[in-house]
Amino acid sequence: MAENIKYFIVDVFAEEKYAGNQLAVFVDLKRTLSAEQMLAMTREINFAESAFIRSCEDEDTFAVRIFTPVYEVPFAGHPCLGSTYVIARHLMATVKGSLHLRLQKTVIPIRISSPKKLDDSRFTMQQAQPIFGATFSATEIASGLGIPLDSLDAKMQIQEVDTGLPYLLIFLKDLKSMRQLHFNEQKVIEFLLNNQMHKSNSITGLSTSIFLVTPETVDANKDYHTRMFALENGKICEDAATGSANGCLLAYLLKYTGKSQSVIVEQGYGMGRKSILYLDGTIHNNEYIINVGGQVVPISEGTWYVA
């Protein structure tokens, strides 16, 4: 009979309980689970993603796999930070100021600001070099996605960006435009298919998600308000806090608005999941330094019964 699996639930990019993005982290150091079992467990939890800690390669490198309820993904932001919290609190005898996560295709370094006070610590990941993809005009986006033309910020380029997962970055004028958004799922699917951005015809095998940004914020001390929409099983789903998308936003800001950036982003407010993300980065010798951080709040832990 297979061994049972320990798991933890945490809120990531949260500064209090029941905020940020929910994550289940399973500790499977004996590699008991198959890919099919991990996907089934992720569907059962039904959060945006679940993470599986698969091995300790050395004292500061851990292998992690990440699944959505639809498929395995090569990278995702809040699973990296949430997994790091669980590793630091439950799997390391001595917590240092950094560790590495070996994902499907890359290794992600993560800094821990307060190793002795994990619940007060900021966890910061450095993301991969950005890939800047296709650009679109405002009229193409208005007709293709059904976003009103007068809601779009004409000063900001609309572009696909990828630092591990692909996102289409679209800037809107204000919070009112953000709140009034409504997507027609069939229209989004057709847009993605027509532009080779759907998982069935994209070069990544992943569907590009939509990341919307406005400089008007709910909290005065934040710099940007964002919303992220992903296509899963033919349905549009909103994400409460998206570390990978915010890494793409940081890369975009470095490319278009200045070679050094330090901004605070709010997300998930309309979902009742207040999320705070800290973005810091530079461009030096054509290399992008993409850092995205936030806090992690523990919620619960338990045992998963493996058949």
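The values are calculated or read from the model by the stated rules, or taken from the named source; none is laboratory data. Keep in mind that what you see is a predicted model, and the values were worked out from it rather than measured. Backbone-built Cβ (ideal geometry, glycine too); neighbour counts: all protein chains shown. Accessible surface areas use protein heavy atoms only, side chains included; no ligands, DNA or RNA. Shrake-Rupley method; radii C 1.70, N 1.55, O 1.52, S 1.80 Å.
Please compute the contact order of the chain in relative form: average sequence separation of alpha-carbon pairs under 8 Å and at least six residues apart, divided by the residue count, as a percent.
Answer for the chain is 21 percent.
Rounding to the nearest 20 debye, state how big the charge dipole of segment 131-294 is about its Cα centre with +1 on each Lys and Arg Cβ and -1 on each Asp and Glu Cβ.
Working: 13 positive and 17 negative charges, 25 e Å.
Using Cβ point charges on Lys, Arg, Asp and Glu, segment 131-294 gives about 120 debye.
Past 20 Å, Cα to Cα: identify those pairs from K173/K259; K155/K176; K222/K274; K117/K222, in the order given.
With Cα atoms farther than 20 Å apart: K173/K259; K117/K222.
Only helical DSSP H runs with n ≥ 4 go in: add -39500 (n - 2.57) per run for the chain, normalise by residue count and round the 222 nm mean residue ellipticity to 500 deg cm²/dmol. Numbers along the way, then the final one.
Working: 6 runs with 58 residues, N = 307.
Calculated at 222 nm, the ellipticity per residue is -5500 deg cm²/dmol.
Suppose R0 equals 35 Å; then what is the FRET efficiency for A220 and N286 from their Cβ-Cβ distance, rounded to the nearest 0.05? Numbers along the way, then the final one.
Numbers: r = 35 Å, r/R0 = 1.00.
So, using R0 = 35 Å, E works out to roughly 0.50.
Accessible area per residue, 1.4 Å probe, Å², for segment 131-294: what's the number? Before the final figure, lay out each step's value.
Working: 7020 Å² over 164 residues.
Result: 43 Å² of accessible area for each residue.
Using a 7 Å offset from the Cα along the Cα-to-Cβ direction at both I203 and R43, what is the distance between the two label points in nm, to one decimal?
Distance between the two pseudo-spin positions: 3.2 nm.
Between D60 and Q196, what is the FRET efficiency for a Förster distance of 45 Å, r being their Cβ-Cβ separation, to the nearest 0.05?
Numbers: r = 39 Å, r/R0 = 0.86.
So, using R0 = 45 Å, E works out to roughly 0.70.
What is the spin-label model distance, in nm, from I264 to D150 if the labels are put 7 Å beyond Cα along the C-beta direction?
Rounded to a tenth, the inter-label distance reads 3.4 nm.
To the nearest 10 degrees, how steeply does helix 77-86 sit against the main Cα axis of the chain, on a 0 to 90 scale?
It works out to around 20 degrees.
If I fit a long axis through the Cα atoms of helix 185-194 and take the longest principal axis of the Cα atoms of the chain, what angle between them do I get, 0 to 90°, rounded to 10?
80
Mind jotting down the distance between the C-alpha centroids of segment 195-253 and segment 6-69, whole Å?
21
Taking the chain as the reference, fit the longest principal axis to its C-alpha atoms, fit the long axis of helix 35-45 to the helix C-alpha atoms, and give the angle between the two in degrees, 0 to 90, nearest 10.
70
Modelled label-to-label distance, E72 and L175, 7 Å Cα→beta-carbon offset: nm?
Placing both labels 7 Å beyond Cα along the Cβ direction yields 4.2 nm.
Over segment 131-294, what relative contact order in percent results from Cα pairs under 8 Å that are six or more residues apart? If you can, show how the numbers build up before the last one.
Values: 331 pairs, mean separation 26.5, N = 164.
Relative contact order, segment 131-294: 16 percent.
Report the paramagnetic label zone for I131: residues of segment 195-213 whose backbone N is under 18 Å from a point 7 Å from Cα along the Cα-to-Cβ axis.
195-211
Quick check on segment 210-270: take the gyration tensor over C-alpha atoms, sort the square-rooted eigenvalues as a ≥ b ≥ c, and tell me if it's rounded (a/c under 1.5), prolate or oblate. Provide the component values of the computation, followed by the final result.
Numbers: a/c = 2.76, a/b = 1.47, b/c = 1.87.
Oblate, since a/c reaches 1.5 and b/c is not below a/b.
Evaluate the relative contact order of segment 64-221 (contact order divided by residue number), counting alpha-carbon pairs under 8 angstrom at least 6 apart; express in whole percent.
16
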